[in-house]
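As structure tokens, the structure follows; a few thoughts come after it.
The values are calculated or read from the model by the stated rules, or taken from the named source; none is laboratory data. These numbers were taken from a predicted model, which means no experiment stands behind them. So basically every Cβ, Gly included, is an ideal-geometry build from the backbone, and we count neighbours across all protein chains shown. When the accessible area is computed, the model is the full protein with side chains, heavy atoms only, and any ligands, DNA or RNA have been set aside. Shrake-Rupley method; radii C 1.70, N 1.55, O 1.52, S 1.80 Å.
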Amino acid sequence: MIDYSVYMQSNPLDETAAPKAYAKAQMRELMTFDKFIKHIASHNGGFSRGMVKGIVSDTCSCIVEQLLEGKKVQFGELGSFWISLSCTGAESMEDFTAANITGVNIVFTPGDDFANLVHDAEFNVVASRIAQAATLKTEKAGGTTVDLEAARAAARPNSSSSGSSSSNSNSGSGSTTNTGGNGGEGGGGGGDDSGDTGEND
């Protein structure tokens with residue numbers, strides 16, 4: 001099940017166009033490497049967690065090794081790994097040297113199993129992280145209503161203490177919601193890190 005919240009977005013290429021509503025995925029949980037290894041081991045009774053961890057770690061090391069040899073690694077249904085380069089420009093081709101290369105980037109191209117997950121996915125709409133955090137804060141303080149616009153303004157990176165910033169186009173259509181007695185709308189999606197609230201208003 002994929003949780004998502006809805007936000008309004010203006011078209012940066014057409015300032016006269018009305019904002020439209022779009023979906024933003026909301027992470028339910030951070031699957032750490034150790035948790036993922038435990039999950040894999042639970043599907044394969046013949047392999048211990050230590051064995052699975054060793055195989056995955058060695059796989060990562062071997063992929064890096066092959067990429068640094070200039071190879072493209074095709075990894076079955078998972079997809080393909082290859083590299084691209086970041087560079088600073090030179091005045092001419094003759095002036096360009098390896099010193100102009102500033103970074104080696106790993107690129108991943110999804111395979112068949114990852115090409116388009118929308119056909120297998122199930123979706124569940126939830127409140128944004130900002131709304132969830134503001135609702136929880138209000139409930140703990142004994143309040144009954146949440147000022148969503150104030151919460152959004154407070155989460156903006158360049159917002160002032162007075163909350164006067166008005167540059168964010170994702171203001172939505174309503175500024176207040178009633179928390180009711182059950183924690184507000186979409187409370188089931190509040191399992192992510194609260195530190196990411198500024199990215200998902």
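Given R0 = 22 Å, the distance between the Cβ atoms of PHE36 and CYS62 translates into a calculated FRET efficiency of 0.75. Each peptide in 142-155, 2-15, 124-137 was scored by the mean count of other Cβ atoms within 10 Å over its residues; highest first, the order is 124-137, 142-155, 2-15. For LYS38, a cut-off of 22 angstrom between C-alpha atoms picks up these lysines, skipping any fewer than 8 places away in its own chain: LYS53.
Computed from the C-beta positions of ALA23 and ALA99 and an R0 of 45 Å, the FRET efficiency is 0.55 to the nearest 0.05. Between SER48 and GLN9, the simple spin-label model (points 7 angstrom out along Cα→Cβ) gives 4.7 nm. Taking a virtual spin label 7 Å from the Cα of THR88 along the C-beta vector, which residues in segment 96-113 bring their backbone nitrogen under 12 Å of it? Residues 97, 99-103 qualify, since their backbone N sits under 12 Å from the label point. Here the accessible area is traced with a 1.4 Å probe on the protein chains. For segment 39-149, carbon and sulfur cover 57 percent of it.
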